[in-house]
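All remarks here apply to the structure that follows.
The values are calculated or read from the model by the stated rules, or taken from the named source; none is laboratory data. Quick caveat, the model's predicted, so the values are computed rather than measured. Positions of Cβ are backbone-derived with ideal geometry, glycine not excepted, and every protein chain shown enters the neighbour counts.
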Amino acid sequence: MGLPPLITRSDLTRVGQDPRSLARRQRKRELTRVRPGAYVATSAWEALRAGERYGLRVAAFNATTSSAPVFCRETAALLWGLWTVGMPPKVHIAMDYRGGRSWNDIRVHAGDESMGLVQFGGLLATDKLRTTLELISTLPFMYAVAVCDSAQRPPGRGKLPVEPGPDTEPRWTHDEPMGAPLSVEELEAGAAGLPSQAKRNRALGIIGLSSPLSGSAGESLSRAKMHVAGFSAPELQHPFNLRDGSTALVDFWFPALRIAGEFDGEGKYLRSDWGKGLDVAQRVLAEKKRENAIRAQRVTFARWDWKELMAPGVLESILREAGLRPELRRRTSLQK
């Protein structure tokens, strides 16, 4: 389902109506102002999810500027289905000048407006490689790892990548990535062209730690935190053969100590395409049965959720309680 239609001041002027009526309808709560000069029906706005509201802000900016803006960084990442955490507070655009600045809810970044661009319907955005490199060379370490993991993520089993184009309707909530997955070779070649040695080194370090096997943003952030805390690198998506003949994967596997780690994101229980037609209660019971079948193979489990992941020191404590011990390793600037 697409976004609801915008009503702009220029739309009314073009058909000979008074654009001041938009403000009057806003005061009556018939319309909600998305940004100056662009409105949407309040009933439609209230039905939108956070990602769709952000997308409507982007569409409103695109509709009220004199020339087509180039969307980049976190805004382009959402279009590509790259893993970001939460909605960006600002809309990010690239412009051909030195030094970024902001006004209202727009964040401007210095960048070439003509290279590495694609169309998502009526929106112009930086391509997947450029978007990924700009983010992994600037974002805090754990968020950079999540973006780099997701840039290499293939579509679901049996599905072909969907490439954006002039007829592609922009999507702001994704279960699947857009475009073909990037290879390590593509990422490393792109990193070599970054404008400073510091950015090149940082990007190459993130690429070296990244993995297409990560199953979610939460799993990527968890692995990044483990790395910073000095824990050994786990195997990802390790398979276990269960008594009933099925195979179960665990998010993290530490073979030396037979410890499995699992990140419990809400998607595991709420996504319509994940639970094989089961309701939430049935999914929880199935997950418990699965865990017990793995535990029976002399496996210790450590589990954590979003709240525990984001709280300082909590994930580290959970892993220690399960029996893991960090290795002594000097912290580097990459991990900041």
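In the stretch 287-329, of all residues being at pLDDT 95 or above and of a type in the set (S, T, N, Q), the one that is farthest from P234 (Cα to Cα) corresponds to S317. Scan the stretch 92-105 and tell me whether some residue there is modelled with pLDDT of 95 or more and in contact with an Asp or Glu (Cβ under 7 Å, 6 or more places away or on another chain). Scanning the stretch 92-105 turns up at least one residue that is modelled with pLDDT of 95 or more and in contact with an Asp or Glu (Cβ under 7 Å, 6 or more places away or on another chain).
Taking the stretch 1-22 as the range and being at pLDDT 80 or above and within 16 Å of E52 (Cα to Cα) as the test, the residues that pass are G2, L3, P4, P5, L6. Within the stretch 161-215, if we keep just the residues that are of a type in the set (S, T, Y) and modelled with pLDDT of 95 or more, the residue that is farthest from T132 (Cα to Cα) turns out to be S214. Scan (1) assigned to a loop (DSSP other than H, G, I, E, B); (2) surrounded by 12 or more Cβ atoms within 10 Å (Cβ to Cβ) for the single condition D18 breaks and write down its number. If we test D18 against (1) assigned to a loop (DSSP other than H, G, I, E, B); (2) surrounded by 12 or more Cβ atoms within 10 Å (Cβ to Cβ), just (2) comes out false. Filtering the stretch 22-68 to residues that are over 23 Å from H174 (Cβ atoms), among the charged types (D, E, K, R) and surrounded by 12 or more Cβ atoms within 10 Å (Cβ to Cβ) leaves R25, E30, R33, R35.
In contact (Cβ under 8 Å) with a residue 60 or more places away in the chain, of a type in the set (K, R) and touching a Pro at 6+ places or on another chain (Cβ under 8 Å) - does that describe any residue in the stretch 194-202? No, the stretch 194-202 has no match at all.
If you check A260 against the conditions, is it touching a His at 6+ places or on another chain (Cβ under 9 Å), part of a loop (DSSP other than H, G, I, E, B) and in the same structural domain as D305 (by TED's automatic domain parsing)? Against the criterion (touching a His at 6+ places or on another chain (Cβ under 9 Å), part of a loop (DSSP other than H, G, I, E, B) and in the same structural domain as D305 (by TED's automatic domain parsing)), A260 does not qualify.
Within the set A63, A23, A59, A44, the sole residue that is outside any loop (DSSP other than H, G, I, E, B), touching a residue at least 60 places away in the same chain (Cβ under 8 Å) and among the hydrophobic types (A, V, I, L, M, F, W, C) turns out to be A59.
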